[in-house]
Amino acid sequence: VQLQASGGGLVLPGGSLRLSCAASGSIFSINAMGWYRQAPGKQRELVATITRGGTTNYADSAKGRFTISRDNAKNTVYLQMNSLKPQDTAVYYCNAVPPIAQYWGQGTQVTVSS
């Protein structure tokens, strides 16, 4: 399975973006999928998780602002990000939770700046 993240870009503080993660194969068998991010000079962190059944979990920094969802039929995971802050600037990746090394893709850059 290859995971391709897209939808990033430059956005003003307070703005919104919707990220998509398209899998080349079925993700139905993967119980938990997640969005991760890595800011310059920082370790990669898990931002949001969704199980096959739709249970979600968020990092404190994302609670109330980000929403993760998945469409198993389309093999796609989404991350709706609202009220974006400069500290959300990072490269965003999707992967299984826990991550599978060979599933890391290029990620998509999100830059929040005025």
What's the number of the condition residue 47 fails, among (1) among the aliphatic types (A, V, I, L, M); (2) touching a Lys or Arg at 6+ places or on another chain (Cβ under 7 Å); (3) without any contact (Cβ under 8 Å) to a residue 24 or more places away in the chain?
(3)
Could you check, for the stretch 10-24, whether at least one of its residues is of a type in the set (Gly, Ala, Ser) and modelled with pLDDT under 90?
yes
Could you say whether any residue in the stretch 78-91 is of a type in the set (Phe, Trp, Tyr) and touching a residue at least 40 places away in the same chain (Cβ under 8 Å)?
yes
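The values are calculated or read from the model by the stated rules, or taken from the named source; none is laboratory data. Every value quoted in this text rests on a predicted model; they were computed, and no experiment measured them. No Cβ is skipped: glycine too gets one built from the backbone with ideal geometry, and neighbour counts run over all protein chains shown.
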